[in-house]
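Here the structure comes first, spelled out in structure tokens, and everything after it is commentary.
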Amino acid sequence: MDDTELKQLLDFDALDAAERLTGGDYKEDKGVMALGFLLHLEGTSKKAEALTAQDDTTFSNKLGRYQRIVEEEGFRKVLELPLPEDCQGDRFFVYYHSDGMLLVFDTYHGDSVNSAKLYFNLRWKNNKPVYSLVCSISPIDENTFAGNYDAREGFRFHIRQLREAGTLLNPWEKAPFLWLLHHRDTDDYKAINKERLALLPVEVQKMIGSCEG
């Protein structure tokens with residue numbers, strides 16, 4: 001499976017597909033909703049199968065496999081913190097890539113990845129996007145944006161998409177809104193962000209520059 005086919009698989013919208021097949025509205029027709037759910041299950045299975053065949057990350061990841069793939073893509077662990085003692089050994093991680101990417105994730109039940117975000121700045125090639133990137137973006141200028149991905153599913157695929165679409169920047173021209181918190185943090189996020197930014201190596205802080213929040 002090439003990346004064009006994989007992108008179509010990852011972008012599949014089960015509810016939209018159910019509405020197109022039936023001509024109905026899932027908000028008004030429980031049958032359309034049920035079909036959408038079945039298509040979602042089928043799509044999830046196909047995505048997991050395709051990504052596993054390419055040794056890429058899936059929506060549900062065991063920590064060891066996830067870390068191996070991340071490190072094979074050139075990322076280096078720059079921060080690891082334990083969660084409270086009642087969290088079954090859960091941990092919080094920050095990984096850095098010298099090309100200009102920052103990966104933030106935590107675990108759940110000890111050995112499963114809970115949530116993960118990949119942060120970056122990207123300048124389009126030839127002043128226009130090559131791919132339609134499905135990510136959160138904040139424009140810097142007409143050719144450059146700060147963005148982030150949900151980094152659980154298709155990690156290698158999304159890195160390829162970024163590199164094909166443009167040039168990753170280090171240092172960043174503008175820091176995206178960084179969320180350096182794990183699922184058990186409850187205090188003021190601004191204070192926690194500031195504290196954890198200070199724990200990162202100098203080279204990472206230089207890449208980030210000034211940070212919102």
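Every number in this text was worked out from the coordinates using simple rules, so none of it is lab data. Please read all numbers here as calculations on a predicted model, not as lab measurements. Cβ sites come from the backbone with ideal geometry, for glycine too, and all protein chains shown count toward neighbours.
If each DSSP helix of 4+ residues adds -39,500 (n - 2.57) and the sum is divided by the residues in the chain, what number results at 222 nm, nearest 500 deg cm²/dmol?
-11500 deg cm²/dmol
For the chain, set up a GNM with springs between Cα atoms under 10 Å and report which of Gly24, Gly166, Gly89 has the largest fluctuation.
Answer for the Gaussian network model of the chain: Gly24.
Suppose the chain between Ala34 and Thr52 were pulled fully straight at 0.36 nm per residue; how much longer would it get relative to their current alpha carbon spacing?
3.8 nm
Could you run the Debye sum over the Cα atoms of the range 145-189, one equal point scatterer each and no solvent, and tell me log10 of I(q)/I(0) at q = 0.28, 0.29 Å⁻¹, two decimals?
Calculated log10 I(q)/I(0) at the listed q: -1.12, -1.14.
Which aspartates and glutamates, on any chain, are close to Lys194 with Cα under 17 Å apart, when same-chain ones fewer than 8 places away are left out?
Within reach: Glu80, Asp185, Glu203, Glu212.
Of the labelled options (1) 62, 34, 31; (2) 108, 52, 29; (3) 55, 50, 34, which one gives Cα extents along the principal axes in Å as computed for this structure?
From the options (1) 62, 34, 31; (2) 108, 52, 29; (3) 55, 50, 34, the structure gives (3).
Mind listing the phi-derived Karplus ³J(HN,Hα) values for the range 57-72, rounded to whole Hz, using 6.51, -1.76 and 1.60 with θ = phi - 60°, and x for any glycine or proline?
6, 10, 4, 10, 10, 7, 4, x, 5, 4, 5, 4, 5, 4, 5, 5
Any lysines with Cα under 28 Å of the Lys27 Cα? List them, leaving off those in the same chain fewer than 8 positions away.
Lys7, Lys46, Lys47
In terms of Cα to Cα distance under 14 Å, which aspartates and glutamates are near enough to Lys206, apart from those fewer than 8 places away along the same chain?
Filter leaves Asp99, Glu173.
Amide H neighbours of Gly166 under 5 Å, counting only residues 5+ apart in sequence or on other chains, H built in-plane at 1.01 Å?
It is Lys125, by chain and number.
Within the range 130-213, list the GluC sites (Glu not before Pro) lying in a DSSP loop whose Cβ has at most 15 other Cβ atoms in a 10 Å radius.
In loop regions of the range 130-213 (DSSP not H, G, I, E or B), the sparsely surrounded GluC sites (Glu not before Pro) are Glu142, Glu173, Glu212.
Please build a GNM for the chain, connecting alpha carbons under 10 Å apart, and tell me which residue among Lys194, Lys62, Lys30 fluctuates the most.
Lys30
Roughly speaking, what % of Cα-Cα pairs in the range 94-202 are separated by over 20 Å, rounded to a whole number?
Every Cα pair in the range 94-202 considered, those over 20 Å come to 42 percent.
Using a 10 angstrom cutoff on alpha carbons, build the Gaussian network for the chain and name the most mobile of Leu103, Leu118, Leu83.
Ranking Leu103, Leu118, Leu83 by mean-square fluctuation puts Leu83 first.
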